[in-house]
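Visitor: My structure is below; once you've seen it, I'll send some questions.
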Amino acid sequence: MLQLQEFQLRSFALNLKHAASALFLAIASATSVAHAGVIGFDDIVYDQSGDPAAIANGYQGFDWTNFWSARASYNLQMGSGLVSGENVGFMLAEASVTSFSSATAFTFNSINIAKMYYDGLTRFEGYAGDTLLYSKDVFSAAGVSSLATFDWSGVTRIAISVLDGSERVVFDDLTVNAQVAQVPEPASIALVLAGLGLAGVARKRKNNKA
C-alpha cells in the first residue's frame, strides 16, 4: 500500500513538473517585451512644398484609404498630435471613413490620437474581411494626444470615423503585431500550489520511513 502511494506521488510530481514548466513559460511570455511594429510616419518624404500628402498603398505593408500624413510643424493643430519623430498621420474632415488594411490578418494594438479643434469621439472598427469583429468609441481632447489601446487580433482592416461632425483627427505611433500578454489560467496556478503541498507531505513520509 505504501509503495502504491509513493508511485502515485511520483506520478503526480511528474505532472506537477510539467504544469510548473508550462506556467513558467506563460509568465515569462506575459512579462517579456516583444518587438512591436510602430508606424510613426517619419519615413514619409514630402515634396519641396512640404504640403501634406496622401499615404500611398503599400506603405508599411498596408493599404491606406483617406489616410494622410504631414510634418508636425505644418501647423499648430498637427503638432498637437505628435508623440515622436517629426511626422504625424491624419484623416481629412471631408472623409467619411479612414482605414488601413492588409491582405493577411494582423493585430491592432494601439494608436495615439488627438482632435484638431474640438473634443469628441472617434469610432474604431476592426474587420476580418467584411465581418465586423470589434468596435470601440474613443474620446479624445482637442490639442492633446492620448494613447488608445485595443489589442484586436485577427483583423484585416481598421476603419476610423468621427462621431461629432467633420472634425479632423491626428494620429501618431500606430502599433501593430505587438505581443499581447497572456495571463496564466487559475487552474494551472492551483495545480502548482496543490502540488507543492503534496510534495511536502511526500518528503515528510520519506523522512519518517527513513
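Visitor: By the scheme Lys and Arg +1, Asp and Glu -1, what is the net charge of all other residues having a beta-carbon under 15 Å from that of TYR134?
Guide: Net local charge, TYR134 excluded: -1.
Visitor: Also, I was wondering about something else. Under 13 Å from a point placed 7 Å out from the Cα of ASP164 along the Cα-to-Cβ direction: which residues of the stretch 102-121 have their backbone N that close?
Guide: Only 114-121 pass the distance filter.
Visitor: Okay, next question. Evaluate 2.2 N^0.38 Å with N set to the residue count of the stretch 111-162, then give the Cα radius of gyration divided by it.
Guide: Computed over Cα atoms of the stretch 111-162, the ratio equals 1.20.
Visitor: Same structure again: For SER146 and GLU86 in one chain, what is 0.36 nm times their gap in residues minus the Cα-Cα distance, to one decimal in nm?
Guide: Working it through step by step, the gained length comes to 19.9 nm.
Visitor: Between VAL97 and ASP63, 0.36 nm times their residue separation minus their Cα-Cα distance comes to what?
Guide: Here the answer is 10.9 nm.
Visitor: While we're on this one: Rounded to two decimals, what is the ratio between the C-alpha radius of gyration of the stretch 42-147 and 2.2 N^0.38 Å?
Guide: Relative to the rule-of-thumb radius for its length, the stretch 42-147 sits at 1.09.
Visitor: So if R0 is 25 Å, what FRET efficiency would PHE139 and ASN75 give, r being the distance between their Cβ atoms, rounded to the nearest 0.05?
Guide: With R0 = 25 Å, the Cβ-Cβ based efficiency is 0.60.
Visitor: Principal axes first, then extents: for the Cα atoms of the stretch 87-178, list largest minus smallest coordinate on each axis, whole Å, largest first.
Guide: Each principal axis gives a Cα extent; for the stretch 87-178 these are 35, 24, 22 Å.
Where a number appears in this text, it was derived from the coordinates with a stated rule and is not lab data. Source: prediction; values computed, not measured. A quick note on method: Cβ atoms are made from the backbone with ideal geometry, for glycine too, and the neighbour counts reach across all protein chains shown.
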